[in-house]
Amino acid sequence: MKVTSLFTVKFKLILEFDNGEYRLLDIKQFLCDDKGKLAEVRDNIDMFQTAMLDTVAGTVVWENGVDFEPEHLYSESVNIDHILVNEKMKQGQYTCLG
């Protein structure tokens with residue numbers, strides 16, 4: 001499992017995985033009890049926004065060296081595909097049966 005793209009929104013990551021799934025990870029909750037460099041990612045918006053995709057490892061890395069196994073990012077995040085499908089339905093790209 002690998003992260004193929006990412007978007008940052010405040011202290012949240014929207015991650016696309018190589019299985020086509022989009023998932024949301026709230027860094028504040030994910031790292032709620034952490035200290036040191038992890039807390040820096042959680043509490044400093046400037047550091048959080050240095051998040052970038054490591055295309056070789058298929059994960060997210062920050063300027064201060066913090067990174068995570070992609071499987072851990074996947075298991076700690078929530079699927080948001082239902083939001084994308086609902087938006088496409090509103091735009092008429094899908095029809096609702098029933």
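The values are calculated or read from the model by the stated rules, or taken from the named source; none is laboratory data. Just so you know, these numbers come straight off a predicted model, no measurement behind them. So basically every Cβ, Gly included, is an ideal-geometry build from the backbone, and we count neighbours across all protein chains shown. Only protein heavy atoms, including side chains, enter the accessible area calculation; ligands, DNA and RNA are left aside. Shrake-Rupley method; radii C 1.70, N 1.55, O 1.52, S 1.80 Å.
Any residue at all in region 52-61 that's open to solvent by less than 40 Å² (accessible area, probe 1.4 Å), assigned to a loop (DSSP other than H, G, I, E, B) and modelled with pLDDT under 95? Break it down stepwise before answering.
Kept after step one, since they are open to solvent by less than 40 Å² (accessible area, probe 1.4 Å), are these residues of region 52-61: 58-61.
In the following step, the residues that additionally are assigned to a loop (DSSP other than H, G, I, E, B) were identified as 58.
Add one more test, that the residue is modelled with pLDDT under 95, and what stays is none.
For region 52-61, residues open to solvent by less than 40 Å² (accessible area, probe 1.4 Å), assigned to a loop (DSSP other than H, G, I, E, B) and modelled with pLDDT under 95: absent.
May I ask you to list the residues in region 32-51 that are open to solvent by 80 Å² or more (accessible area, probe 1.4 Å) and either under 16 Å from residue 19 (Cβ atoms) or touching a residue at least 24 places away in the same chain (Cβ under 8 Å) (or both)?
Residues satisfying the conditions are 37, 49.
Specify which of the listed residues (13, 6, 38, 24) is in a strand (DSSP E or B) and farther than 20 Å from residue 55 by Cβ.
Numbers: 13 fails: farther than 20 Å from residue 55 by Cβ; 6 fails: farther than 20 Å from residue 55 by Cβ; 38 fails: in a strand (DSSP E or B).
Answer to the check: 24.
Can you name the residue in region 73-85 that is loosely packed, with under 14 Cβ neighbours inside 10 Å and assigned to a helix (DSSP H, G or I) and is also modelled with the lowest pLDDT among such residues?
85
Say we look at region 1-31 and pick out the residues that are among the β-branched types (Val, Ile, Thr) and over 12 Å from residue 73 (Cα atoms); which of these is surrounded by the fewest Cβ atoms within 10 Å (Cβ to Cβ)?
9
If a residue must be closer than 17 Å to residue 39 by Cβ and in contact (Cβ under 8 Å) with a residue 12 or more places away in the chain, how many such residues does region 58-78 contain?
The qualifying residues number 8.
List the pairs whose first member sits in region 1-28 and is free of Cβ contacts under 8 Å to residues at least 40 places away in the same chain, whose second member is assigned to a strand (DSSP E or B) and among the aromatic types (Phe, Trp, Tyr), and whose Cβ atoms are under 7 Å apart, counting only residues at least 6 apart or on separate chains?
If the second residue must be assigned to a strand (DSSP E or B) and among the aromatic types (Phe, Trp, Tyr), the pairs left are 16/22.
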